[in-house]
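First the structure, in the form of C-alpha coordinates, and then the observations on it.
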Amino acid sequence: MNYQPRLKKEFNERIISSLKEEYSYSNVMMVPQLKKIVISKGVGGAVADKKLIDHAIDELSTISGQKAISTLSKKDVATFKLRKGMPIGAKVTLRAEKMYEFLDRLITSALPRVRDFQGIKASGFDGRGNYNLGVTEQIIFPEINYDNIDKIRGMDICINTSASNKEDAKALLEVLNFPFKK
(Lines give C-alpha, C1' and ligand atoms only; values in the text may rest on other atoms or scores of the structure.)
Protein backbone atom coordinates (compact mmCIF):
# COMPACT_ATOMS: atom_id res chain seq x y z
CA MET A 1 0.00 0.00 0.00
CA ASN A 2 1.30 3.42 -0.95
CA TYR A 3 1.51 6.15 1.70
CA GLN A 4 -0.68 9.19 1.16
CA PRO A 5 -0.55 12.30 3.42
CA ARG A 6 -3.67 13.12 5.41
CA LEU A 7 -4.28 16.46 3.68
CA LYS A 8 -3.85 14.99 0.20
CA LYS A 9 -6.23 12.15 0.99
CA GLU A 10 -8.81 14.63 2.31
CA PHE A 11 -8.29 16.81 -0.78
CA ASN A 12 -8.88 13.91 -3.17
CA GLU A 13 -11.86 12.46 -1.32
CA ARG A 14 -13.78 15.50 -0.09
CA ILE A 15 -12.44 18.87 -1.23
CA ILE A 16 -12.41 18.34 -5.00
CA SER A 17 -16.07 17.37 -5.08
CA SER A 18 -17.15 20.17 -2.73
CA LEU A 19 -15.29 22.84 -4.74
CA LYS A 20 -16.68 21.46 -8.00
CA GLU A 21 -20.25 21.70 -6.72
CA GLU A 22 -19.85 25.04 -4.91
CA TYR A 23 -18.22 26.93 -7.79
CA SER A 24 -19.97 24.92 -10.54
CA TYR A 25 -16.87 23.82 -12.41
CA SER A 26 -17.85 21.80 -15.45
CA ASN A 27 -14.89 19.45 -15.14
CA VAL A 28 -12.92 18.02 -12.19
CA MET A 29 -9.70 19.21 -13.84
CA MET A 30 -10.89 22.83 -13.54
CA VAL A 31 -10.83 22.67 -9.73
CA PRO A 32 -7.78 24.60 -8.42
CA GLN A 33 -5.03 22.47 -6.94
CA LEU A 34 -1.73 23.02 -5.18
CA LYS A 35 1.24 22.88 -7.56
CA LYS A 36 4.24 23.60 -5.34
CA ILE A 37 5.44 25.33 -2.18
CA VAL A 38 8.71 27.26 -2.17
CA ILE A 39 10.33 28.07 1.18
CA SER A 40 13.15 30.61 0.97
CA LYS A 41 15.38 32.36 3.44
CA GLY A 42 17.71 35.27 2.81
CA VAL A 43 20.89 35.42 4.86
CA GLY A 44 22.35 38.92 4.73
CA GLY A 45 25.33 38.13 6.95
CA ALA A 46 26.52 35.37 4.61
CA VAL A 47 28.87 37.80 2.87
CA ALA A 48 31.05 37.90 5.97
CA ASP A 49 30.44 34.39 7.35
CA LYS A 50 29.95 31.42 5.00
CA LYS A 51 28.78 29.13 7.82
CA LEU A 52 25.50 31.04 8.07
CA ILE A 53 24.44 29.61 4.70
CA ASP A 54 25.09 26.09 6.00
CA HIS A 55 22.92 26.79 9.06
CA ALA A 56 20.13 28.13 6.84
CA ILE A 57 20.32 25.09 4.54
CA ASP A 58 20.23 22.72 7.53
CA GLU A 59 17.23 24.50 9.06
CA LEU A 60 15.25 24.50 5.80
CA SER A 61 16.13 20.84 5.22
CA THR A 62 14.93 19.96 8.73
CA ILE A 63 11.69 21.90 8.36
CA SER A 64 10.81 20.64 4.89
CA GLY A 65 12.17 17.09 4.97
CA GLN A 66 13.98 17.70 1.69
CA LYS A 67 17.50 18.95 0.91
CA ALA A 68 17.64 22.73 0.49
CA ILE A 69 19.98 24.54 -1.91
CA SER A 70 21.80 27.83 -1.64
CA THR A 71 20.77 30.79 -3.77
CA LEU A 72 23.44 32.87 -5.48
CA SER A 73 23.59 36.61 -6.06
CA LYS A 74 22.87 37.73 -9.61
CA LYS A 75 24.98 40.88 -9.69
CA ASP A 76 27.71 42.80 -7.89
CA VAL A 77 26.70 45.29 -5.19
CA ALA A 78 29.74 47.22 -3.95
CA THR A 79 28.01 48.82 -0.95
CA PHE A 80 27.20 45.38 0.49
CA LYS A 81 30.59 43.91 -0.53
CA LEU A 82 28.66 41.41 -2.62
CA ARG A 83 30.02 39.72 -5.73
CA LYS A 84 28.13 37.95 -8.46
CA GLY A 85 27.74 34.24 -7.72
CA MET A 86 28.17 34.48 -3.92
CA PRO A 87 25.68 32.47 -1.82
CA ILE A 88 23.22 34.82 -0.10
CA GLY A 89 20.28 32.60 0.85
CA ALA A 90 18.68 29.18 0.76
CA LYS A 91 15.52 27.72 -0.72
CA VAL A 92 13.64 24.46 -1.13
CA THR A 93 10.81 23.58 -3.52
CA LEU A 94 8.26 21.03 -2.33
CA ARG A 95 5.93 19.07 -4.57
CA ALA A 96 3.57 16.08 -4.24
CA GLU A 97 3.54 14.29 -0.86
CA LYS A 98 6.15 16.46 0.84
CA MET A 99 4.20 19.57 -0.13
CA TYR A 100 1.01 18.26 1.52
CA GLU A 101 2.94 17.08 4.61
CA PHE A 102 4.57 20.51 5.03
CA LEU A 103 1.28 22.37 4.54
CA ASP A 104 -0.44 20.14 7.08
CA ARG A 105 2.32 20.77 9.66
CA LEU A 106 2.26 24.51 8.91
CA ILE A 107 -1.50 24.80 9.44
CA THR A 108 -1.94 22.46 12.40
CA SER A 109 1.22 22.91 14.48
CA ALA A 110 3.47 25.78 13.35
CA LEU A 111 1.12 28.73 12.82
CA PRO A 112 -0.76 28.21 16.12
CA ARG A 113 2.61 28.46 17.91
CA VAL A 114 3.09 32.05 16.74
CA ARG A 115 2.85 34.45 19.65
CA ASP A 116 -0.51 36.33 19.75
CA PHE A 117 -1.71 34.52 16.64
CA GLN A 118 -4.94 36.03 15.29
CA GLY A 119 -4.82 34.47 11.83
CA ILE A 120 -2.93 35.32 8.65
CA LYS A 121 -3.69 38.18 6.34
CA ALA A 122 -5.62 37.51 3.17
CA SER A 123 -3.70 40.24 1.34
CA GLY A 124 -0.81 37.95 0.36
CA PHE A 125 -2.31 36.93 -2.98
CA ASP A 126 -0.63 38.17 -6.16
CA GLY A 127 -3.67 38.08 -8.47
CA ARG A 128 -2.49 34.98 -10.35
CA GLY A 129 -3.44 32.38 -7.78
CA ASN A 130 -0.29 32.39 -5.64
CA TYR A 131 -0.12 33.16 -1.92
CA ASN A 132 2.96 34.54 -0.15
CA LEU A 133 3.44 34.31 3.59
CA GLY A 134 6.26 35.59 5.76
CA VAL A 135 7.25 33.86 8.99
CA THR A 136 9.38 35.89 11.41
CA GLU A 137 10.78 33.04 13.52
CA GLN A 138 11.93 29.59 12.46
CA ILE A 139 11.39 28.27 16.00
CA ILE A 140 7.62 27.95 15.46
CA PHE A 141 8.30 24.66 13.68
CA PRO A 142 8.51 21.78 16.15
CA GLU A 143 11.32 20.16 14.14
CA ILE A 144 13.76 22.92 15.06
CA ASN A 145 15.72 22.35 18.26
CA TYR A 146 15.94 25.68 20.07
CA ASP A 147 19.42 24.87 21.45
CA ASN A 148 20.94 24.35 17.98
CA ILE A 149 20.00 27.69 16.40
CA ASP A 150 22.52 30.51 16.22
CA LYS A 151 20.11 33.36 15.49
CA ILE A 152 16.35 33.73 15.04
CA ARG A 153 15.59 34.32 11.38
CA GLY A 154 12.45 34.41 9.31
CA MET A 155 11.53 32.85 6.03
CA ASP A 156 9.17 33.33 3.10
CA ILE A 157 6.67 30.69 2.05
CA CYS A 158 5.15 30.87 -1.44
CA ILE A 159 2.18 28.61 -2.16
CA ASN A 160 1.68 28.15 -5.90
CA THR A 161 -1.76 26.98 -7.06
CA SER A 162 -3.30 26.20 -10.42
CA ALA A 163 -5.97 28.87 -9.85
CA SER A 164 -6.04 31.74 -12.33
CA ASN A 165 -7.20 34.44 -9.92
CA LYS A 166 -7.00 35.27 -6.23
CA GLU A 167 -10.64 34.43 -5.46
CA ASP A 168 -10.27 30.81 -6.60
CA ALA A 169 -6.94 30.47 -4.79
CA LYS A 170 -8.40 31.87 -1.56
CA ALA A 171 -11.37 29.49 -1.81
CA LEU A 172 -8.95 26.57 -2.21
CA LEU A 173 -6.86 27.59 0.80
CA GLU A 174 -9.95 28.23 2.93
CA VAL A 175 -11.22 24.73 2.20
CA LEU A 176 -7.78 23.41 3.21
CA ASN A 177 -8.39 25.10 6.62
CA PHE A 178 -5.93 27.96 6.17
CA PRO A 179 -6.39 30.26 9.20
CA PHE A 180 -7.24 33.57 7.51
CA LYS A 181 -8.24 36.58 9.62
CA LYS A 182 -11.96 37.16 9.66
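The values are calculated or read from the model by the stated rules, or taken from the named source; none is laboratory data. Because the structure is predicted, anything quoted here is derived from the model rather than measured. Cβ: placed from backbone, ideal geometry, glycine included. Neighbour counts: every protein chain shown.
Some values worked out for this structure:
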read-out	value
Subset of the stretch 74-114 that is part of a loop (DSSP other than H, G, I, E, B) and either surrounded by 12 or more Cβ atoms within 10 Å (Cβ to Cβ) or not basic (Lys, Arg) (or both) - its residue that is modelled with the highest pLDDT	Arg95
Search result, residues across the stretch 119-174 that are among the acidic types (Asp, Glu), more than 27 Å from Ile16 (Cβ to Cβ) and either over 16 Å from the mean Cα position of the chain (by Cα) or at pLDDT 85 or above (or both)	Asp147, Asp150, Asp156
Some residue of the stretch 129-143 being in contact (Cβ under 8 Å) with a residue 40 or more places away in the chain and of a type in the set (Val, Ile, Thr)	no
Filtered residue count, the stretch 146-182, keeping only those that are assigned to a helix (DSSP H, G or I), within 25 Å of Ser61 (Cα to Cα) and in contact with a strand residue (DSSP E or B) (Cβ under 7 Å, 6 or more places away or on another chain)	1
Unmet criterion (only one of (1) closer than 30 Å to Lys51 by Cα; (2) among the polar types (S, T, N, Q); (3) in contact with a helix residue (DSSP H, G or I) (Cβ under 6 Å, 6 or more places away or on another chain)) for Thr136	(3)
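Residue-by-condition table, conditions (1) of a type in the set (Asp, Glu); (2) within 24 Å of the chain's Cα centre (by Cα); (3) part of a helix (DSSP H, G or I):
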| residue | (1), (2), (3) |
| --- | --- |
| Lys9 | no, yes, yes |
| Asn12 | no, yes, yes |
| Ser18 | no, no, yes |
| Ser26 | no, no, no |
| Pro32 | no, yes, no |
| Ile39 | no, yes, no |
